[in-house]
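The values are calculated or read from the model by the stated rules, or taken from the named source; none is laboratory data. Fair warning: this is a prediction, and the values are worked out from it, not measured in the lab. Cβ placement follows ideal geometry from the backbone for every residue including glycine, while neighbour counts extend to all protein chains displayed. Heads up: the accessible areas ignore ligands, DNA and RNA and are worked out on the full protein's heavy atoms, side chains in. Shrake-Rupley method; radii C 1.70, N 1.55, O 1.52, S 1.80 Å.
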Amino acid sequence: MLSHLVVAGVIRREQRILSVRQQGPDDLEPGWIIPGGVVKPGELVDQALEREVLEETGVRITDPGPLLYALHQDDQAEGVQVVTFVFEGRSWSGELRVRDPDSLILEAAFLHVDELAARMARTTSPGMHEPLIAHLRQQAEPGAVWLYRRSEAGVESLVRRLP
């Protein structure tokens, strides 16, 4: 079983959320998501968050803020587990500029919550967009843990949410 530790950040500008359009090597089409990525060996989660957001958007997080939620995705078909910590970036500086060393990020923009929700629902798994949109619409308490499982048939479903 392979495991990954991931971080992501919700960075706000009024009613807009910092978002990135990315396309991985296995993605059929680009999709929108909040910036973040895998924690490298030797990094703490706040360091990884600062690095990933800066690389993907040009924005420097100066205060990672509180933990919004954690997400655990168990992919039975692939034998992979991913745990993601999503923080509310309270303080930041900089101008938008993509500098992604992995060349996966195609664009960075501040999108209105409704626009981001619509774009994510079309291109990301339920585990990627459901917890985020619930928090952005204040339909979930901060600190919740969302547990998703992808079946052998490739269907991802919410197993439960811990308060």
Among the residues of region 105-115, which ones are buried (at least 18 other Cβ atoms within 10 Å of the Cβ) and either without any contact (Cβ under 8 Å) to a residue 12 or more places away in the chain or closer than 14 Å to GLY36 by Cβ (or both)? ILE105, ALA108
Can you pull out every residue in region 139-162 that is in a strand (DSSP E or B), under 25 Å from ASP114 (Cα atoms), open to solvent by 40 Å² or more (accessible area, probe 1.4 Å) and of a type outside the set (A, V, I, L, M)? SER157, ARG160, ARG161
Select from region 63-104 the residues that are modelled with pLDDT of 95 or more and β-branched (Val, Ile, Thr) and write down the one among them that is farthest from LEU136 (Cα to Cα). VAL82
What strands (runs of 3 or more DSSP E) completely inside region 1-67 contain at least 3 residues that are open to solvent by 70 Å² or more (accessible area, probe 1.4 Å)? 2-13
How many residues of region 74-104 are of a type in the set (D, E, K, R) and surrounded by fewer than 17 Cβ atoms within 10 Å (Cβ to Cβ)? The answer is 6
Looking at ARG122, ARG137, ARG149 in this structure, which one is at pLDDT 95 or above and either of a type outside the set (A, V, I, L, M) or touching a Lys or Arg at 6+ places or on another chain (Cβ under 7 Å) (or both)? ARG149
